[in-house]
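Worksheet: one structure, shown below.
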Amino acid sequence: MPYSDTVTDPGVLKAIADMGLEGRRLYLPHMPYGGTYLLAAAIRSIGFDAWPTTDSDKHTLDLGGRVTSGDECYPQKIVMGDFLRMIEDEGRDNVAFLMPTANGPCRFGQYLHLIKAKFQELGYDDVPVITISSSDGYTSIGNYSQDLVRTAWRAVLAQDILMKFLLKTRPYEREKGSTDAAYLKSLEETGEALSLQHVSQRERLDAVVKALARAGERFRALPADYDRSRPLIGVVGEIFCRH
């Protein structure tokens, strides 16, 4: 059953129809996974069927390379390839994409325009590519913009907390992979809390706080050897370093 078939709120149904999302799953670019996962959960809280694109692979690079020239930044190639791969895997009638945009010198602000242009060239102009922007106060998502902005901000903060747990613990884990498993479980539980529908902001926040508290306990329980002699390493770079 399409996710939109379970939505009864007239305002949400109208927004879904206006954006051409009926019967479609809305995919978000995979940068980084945790942040995208929780942002998608926040969007589900207002009734949209939003999820991250699946993991990038070699086919992602092949597809992205066919429609880019090399002048674009590398993340643009990945995002383009992932979107085309989702169309192949899920079918053009079942997918839509959310591509945020921004002003300023970074080429990120050009992703949306290039994606739409390439979709038109490839005959995918019927596949919705929508965006939201702070320039209009996110009013493009309708009457639920304020609720979504608040929930999305909490998703960003939650991801920062979980990422700190992950990076603080993983170098010292005794069992390889145990920290990643704890992180993914914590993302899942926090996402469930953020995606709650038909609840007040206070109730949703309480659920998120409880999920993060369980995450803290989960990470603290992991067998680890915290050796102070190990150097702390910082990596500075562009958007892909956030993975």
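The values are calculated or read from the model by the stated rules, or taken from the named source; none is laboratory data. Model, not experiment: these values are computed from the prediction. Here the Cβ is made from the backbone with ideal geometry for all residues, glycine too, and neighbour counts use every protein chain on show.
Report yes if some residue within the stretch 80-97 is modelled with pLDDT of 95 or more, in contact with a Pro (Cβ under 9 Å, 6 or more places away or on another chain), among the acidic types (Asp, Glu) and over 30 Å from SER229 (Cβ atoms); otherwise report no.
For the stretch 80-97, residues modelled with pLDDT of 95 or more, in contact with a Pro (Cβ under 9 Å, 6 or more places away or on another chain), among the acidic types (Asp, Glu) and over 30 Å from SER229 (Cβ atoms): present.
Name the single residue that is surrounded by the most Cβ atoms within 10 Å (Cβ to Cβ) among those in the stretch 196-218 being basic (Lys, Arg) and over 17 Å from LEU184 (Cα atoms). Show your work before the answer.
Here is the first cut: in the stretch 196-218, the residues basic (Lys, Arg) are 202, 204, 210, 214, 218.
From the residues that got through so far, the ones that are over 17 Å from LEU184 (Cα atoms) too are 202, 204.
Values: ARG202: 8, ARG204: 21.
Taking the candidates together, the pick is ARG204.
Report every pair of residues separated by at least 6 positions or lying on different chains whose Cβ atoms are under 8 Å apart, first residue within the stretch 203-221 and without any contact (Cβ under 8 Å) to a residue 40 or more places away in the chain, second of a type in the set (Lys, Arg).
Matching pairs, first to second residue: ARG218/LYS185.
Of all residues in the stretch 161-179, how many are more than 20 Å from ARG230 (Cα to Cα) and either exposed (fewer than 12 other Cβ atoms within 10 Å of the Cβ) or in the same structural domain as ALA40 (by TED's automatic domain parsing) (or both)?
Adding up the residues that qualify gives 0.
Tell me which residues, restricted to the stretch 76-118, are under 15 Å from the mean Cα position of the chain (by Cα), under 20 Å from ALA152 (Cβ atoms) and in a helix (DSSP H, G or I).
VAL79, the sole residue that qualifies.
Residue-wise test of (1) among the hydrophobic types (A, V, I, L, M, F, W, C); (2) in a helix (DSSP H, G or I).
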position: ALA158; (1), (2): yes, yes
position: ARG170; (1), (2): no, yes
position: LEU205; (1), (2): yes, yes
position: ARG214; (1), (2): no, yes
position: PHE219; (1), (2): yes, yes
position: LEU222; (1), (2): yes, no
position: ARG230; (1), (2): no, no
position: VAL236; (1), (2): yes, no
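Of everything in the stretch 20-67, what is farther than 30 Å from PRO10 by Cβ, in contact (Cβ under 8 Å) with a residue 40 or more places away in the chain and over 8 Å from the mean Cα position of the chain (by Cα)? Give them in sequence order.
Scanning the stretch 20-67 gives a single hit, VAL67.
Would you check if ASP62 is surrounded by fewer than 21 Cβ atoms within 10 Å (Cβ to Cβ) and either of a type in the set (Gly, Ala, Ser) or outside any helix (DSSP H, G or I) (or both)?
No.
Residue check: is TYR27 modelled with pLDDT of 95 or more, under 16 Å from PRO128 (Cβ atoms), in the same structural domain as TYR124 (by TED's automatic domain parsing) and not in a loop (DSSP other than H, G, I, E, B)?
On the way: modelled with pLDDT of 95 or more: yes; under 16 Å from PRO128 (Cβ atoms): yes; in the same structural domain as TYR124 (by TED's automatic domain parsing): yes; not in a loop (DSSP other than H, G, I, E, B): yes.
Against the criterion (modelled with pLDDT of 95 or more, under 16 Å from PRO128 (Cβ atoms), in the same structural domain as TYR124 (by TED's automatic domain parsing) and not in a loop (DSSP other than H, G, I, E, B)), TYR27 qualifies.
Given the conditions (1) touching a residue at least 24 places away in the same chain (Cβ under 8 Å); (2) on the phi > 0 side of the Ramachandran plot, which single one is not true for GLY11?
Of the numbered conditions (1) touching a residue at least 24 places away in the same chain (Cβ under 8 Å); (2) on the phi > 0 side of the Ramachandran plot, the odd one out for GLY11 is (2).
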